[in-house]
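First up is the structure itself, then whatever we jot down about it.
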Amino acid sequence: MRSMAILPILIAPDARLKTVSKPVDTVDDGLRALMDDMLETMYAAPGVGLAAIQVNVPKRVIVMDVAREGEAPSPRFFINPEIIWQSEEQAVFSEGCLSFPEMFDDVERPARIRLRYLDYAGKAREEAADGLFAVCIQHEMDHLEGVLFVDHLSRLKRDAILRKLQKARRLAANA
Ligand code: GNR
Ligand code: NI
């Protein structure tokens, strides 16, 4: 097997994170190599999900593993995902993002969804999601539209997070 690679993750504020990603037209070995690298990058971070645009690839591709600690790893791949149903019921979750290291805030989203996507083999699938899986897939699908979790917050909270991030970056640069 080809060796995998950990890719650099774009950190906000980076204009590339606002890109609307393009649909994939062929699920081939090149795409699978990208997904393998994304999975390794996500596990190394560590994170529970990663959208391709976070590693500067504007394709509609997501990797995810929402298995809890102590459970067997459960890597998942979503290509060209679409939400085909969402509950009226909303749920609030304290979200983070690998592109906003160590920043968290509450985001409200539909509690349950149904989605359609292509899997690692390029096969069309439909699936229901709730709990952390529903939170994460909606967070990742936002990335495909160039939308970040802070875009769901008030301007006051968004600006506070961006200021904290700039301060952390400044401290790291002067260390
Ligand atoms: O690792 C991640 N954790 C997380 C926690 C709560 C809600 C969403 C997420 S996704 C995030 C990884 C990431 O930035 N994916 O885009
Ligand atoms: Ni994110």
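The values are calculated or read from the model by the stated rules, or taken from the named source; none is laboratory data. As the structure is a prediction and not an experimental result, all values here were calculated from the model. FYI the Cβ positions are ideal-geometry reconstructions off the backbone, even for glycines, and counts take in every protein chain you see. Heavy atoms of the whole protein, side chains included, go into the accessibility calculation; ligands, DNA and RNA do not. Shrake-Rupley method; radii C 1.70, N 1.55, O 1.52, S 1.80 Å.
Cross-link reach is defined here as a Cα-Cα straight distance under 16 Å, omitting same-chain residues fewer than 8 places apart; for residue 59 the lysines meeting it are 18, 22. Near residue 111, the amide H atoms lying under 5 Å from its own belong to 87, 89, 90, 91; only residues 5 or more places off or on other chains count, and H is placed 1.01 Å from N.
Taken about its Cα centre, the chain carries a charge dipole of roughly 680 debye when the Cβ of each Lys and Arg holds +1 and the Cβ of each Asp and Glu holds -1.
Comparing 154, 175, 136 along the charge dipole axis of region 131-175, the residue lying farthest to the positive side is 175, per the Cβ-charge model. Full extension of the chain segment joining residue 170 with residue 32 gains 46.0 nm, where the gain is 0.36 nm per residue of separation less the Cα-Cα distance. At each listed q (0.12 Å⁻¹), what is the log10 of I(q)/I(0) that the Debye formula gives for region 54-124 modelled as equal alpha-carbon point scatterers? Rounded to two decimals, the profile gives -0.45. Compute the whole-percent fraction of alpha carbon pairs in region 94-173 spaced more than 15 Å apart. That fraction is 64 percent. Rounded to the nearest whole Hz, the Karplus-based 3J(HN,Hα) values (6.51 cos²θ - 1.76 cosθ + 1.60, θ = phi - 60°) of region 37-47 follow the sequence 5, 4, 5, 4, 4, 5, 5, 5, 4, x, x, with x at glycine and proline. Residues 133, 104 ordered from highest to lowest accessible area at a 1.4 Å probe: 104, 133. Straight-line cross-link reach from residue 167 at under 20 Å between alpha-carbon atoms covers these lysines, not counting any fewer than eight positions away in the same chain: 157.
Here the translational diffusion coefficient of region 35-88 follows from Stokes-Einstein with Rh set to the Kirkwood radius across Cα pairs; for 4 °C and 1.567 mPa s it amounts to 107 µm²/s.
Couplings 3J(HN,Hα) for region 110-121, derived from phi with the Karplus relation 6.51 cos²θ - 1.76 cosθ + 1.60 (θ = phi - 60°), are x, 6, 9, 9, 10, 10, 10, 6, 9, 8, 4, 8 Hz, where x marks Gly and Pro. Amide H contacts for residue 105 (H built 1.01 Å from N in the peptide plane; partners 5 or more residues away or on another chain; cut-off under 5 Å): 95.
The Cα-based radius of gyration of region 1-81, divided by its Kirkwood radius, gives an Rg/Rh of 0.96.
For region 100-175, the per residue solvent-accessible surface stands at 58 Å², with DNA, RNA and ligands left out and a 1.4 Å probe. Of 21, 3, the order by accessible heavy-atom surface (1.4 Å probe, DNA, RNA and ligands excluded), from most exposed downward, is 3, 21.
Rounded to the nearest whole Hz, the Karplus-based 3J(HN,Hα) values (6.51 cos²θ - 1.76 cosθ + 1.60, θ = phi - 60°) of region 151-168 follow the sequence 5, 8, 9, 5, 4, 4, 5, 4, 5, 4, 5, 5, 5, 4, 5, 5, 5, 4, with x at glycine and proline. Taking the Kirkwood radius as Rh and the Cα radius of gyration as Rg, the chain has a ratio of Rg/Rh equal to 0.96.
Charge dipole of region 102-175 (Cα centre as origin; +1 on each Lys and Arg Cβ, -1 on each Asp and Glu Cβ, all else neutral): 380 debye, rounded to the nearest 20.
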